[in-house]
1. Just checking, how many residues over segment 1-31 are more than 19 Å from ILE88 (Cα to Cα) and either among the aromatic types (Phe, Trp, Tyr) or touching a residue at least 24 places away in the same chain (Cβ under 8 Å) (or both)?
2. Which of the residues spanning segment 1-46 are closer than 10 Å to ALA69 by Cα and of a type in the set (A, V, I, L, M, F, W, C)?
3. Give ARG24, ARG67, ARG89, ARG101 a once-over and let me know the one that is under 12 Å from the mean Cα position of the chain (by Cα) and farther than 19 Å from PRO2 by Cα.
4. For segment 34-83, name all the residues that are open to solvent by 60 Å² or more (accessible area, probe 1.4 Å) and in contact with a Gly (Cβ under 7 Å, 6 or more places away or on another chain).
5. Any residue at all in segment 88-95 that is surrounded by 13 or more Cβ atoms within 10 Å (Cβ to Cβ), of a type in the set (S, T, N, Q) and at pLDDT 65 or above?
6. What number of residues within segment 32-67 are within 17 Å of SER108 (Cβ to Cβ), free of Cβ contacts under 8 Å to residues at least 12 places away in the same chain and not aliphatic (A, V, I, L, M)?
Amino acid sequence: MPYASAQDIVDRYGEDRLLVLADRDGDGQADQDALDRALADAVAEVDGYVGARHALPLPGVPLVLTRLAVDIAVYRLAGSADVLTDEIRTRYEDAVGVLRRISSGEVSLGLAPTPTVSGGTVEMLSQPARFGRGRFRP
């Protein structure tokens, strides 16, 4: 499930920034393959953290995940375009920090957590034994 789109990147960073990050052939258009790859990488990274607490795919996309996915995708685009700035790196590190807190349950997405399955052990309870070795001797 995609958490963000190219339009989300434009909405948060602007068209000019997107072109700097994703116009690989200099034709004034963002390279769709580069965008798709960066957005897919962002989905995989978000799923890695969110999947620890919630069943995937999610029933909907919380807005916080869109913001985090945009920051991750921009970081991936910047690294491959050699335009990585401290601001982009900091936003990426902040996004990963929030994802870690989501994974640990410290931050909620507003969704019900997936119930955990036990280790597969079975426990049986019964009444205490009434007869047994050494208990009943004539």
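1. Within segment 1-31, the subset more than 19 Å from ILE88 (Cα to Cα) is 1-2, 25-29, 31.
This time we only want the ones that are either among the aromatic types (Phe, Trp, Tyr) or touching a residue at least 24 places away in the same chain (Cβ under 8 Å) (or both), so: 1-2.
Selection size over segment 1-31: 2.
2. Of all residues in segment 1-46, those closer than 10 Å to ALA69 by Cα come to 2-5, 8-9, 38-46.
Selection gives ALA4, ILE9, ALA38, LEU39, ALA40, ALA42, VAL43, ALA44, VAL46.
3. Details: ARG24 fails: under 12 Å from the mean Cα position of the chain (by Cα); ARG67 fails: farther than 19 Å from PRO2 by Cα; ARG89 fails: under 12 Å from the mean Cα position of the chain (by Cα).
Unique residue meeting the criteria: ARG101.
4. Correct list: ARG53 only.
5. Within segment 88-95 (the criterion being surrounded by 13 or more Cβ atoms within 10 Å (Cβ to Cβ), of a type in the set (S, T, N, Q) and at pLDDT 65 or above), the answer is no, since none of the residues qualifies.
6. Of all residues in segment 32-67, those within 17 Å of SER108 (Cβ to Cβ) come to 46, 49-56, 58-67.
Among the residues that remain, those that are also free of Cβ contacts under 8 Å to residues at least 12 places away in the same chain are: 51, 60, 63.
If we keep only those that are not aliphatic (A, V, I, L, M) too, we end up with 51, 60.
Of the residues in segment 32-67, 2 are within 17 Å of SER108 (Cβ to Cβ), free of Cβ contacts under 8 Å to residues at least 12 places away in the same chain and not aliphatic (A, V, I, L, M).
The values are calculated or read from the model by the stated rules, or taken from the named source; none is laboratory data. What you are looking at is a predicted structure, and each value in this text was computed from that prediction instead of being measured. When we count neighbours, we look across all protein chains shown, and the Cβ atoms used for this are built from the backbone with ideal geometry, even at glycine. Accessible surface areas use protein heavy atoms only, side chains included; no ligands, DNA or RNA. Shrake-Rupley method; radii C 1.70, N 1.55, O 1.52, S 1.80 Å.
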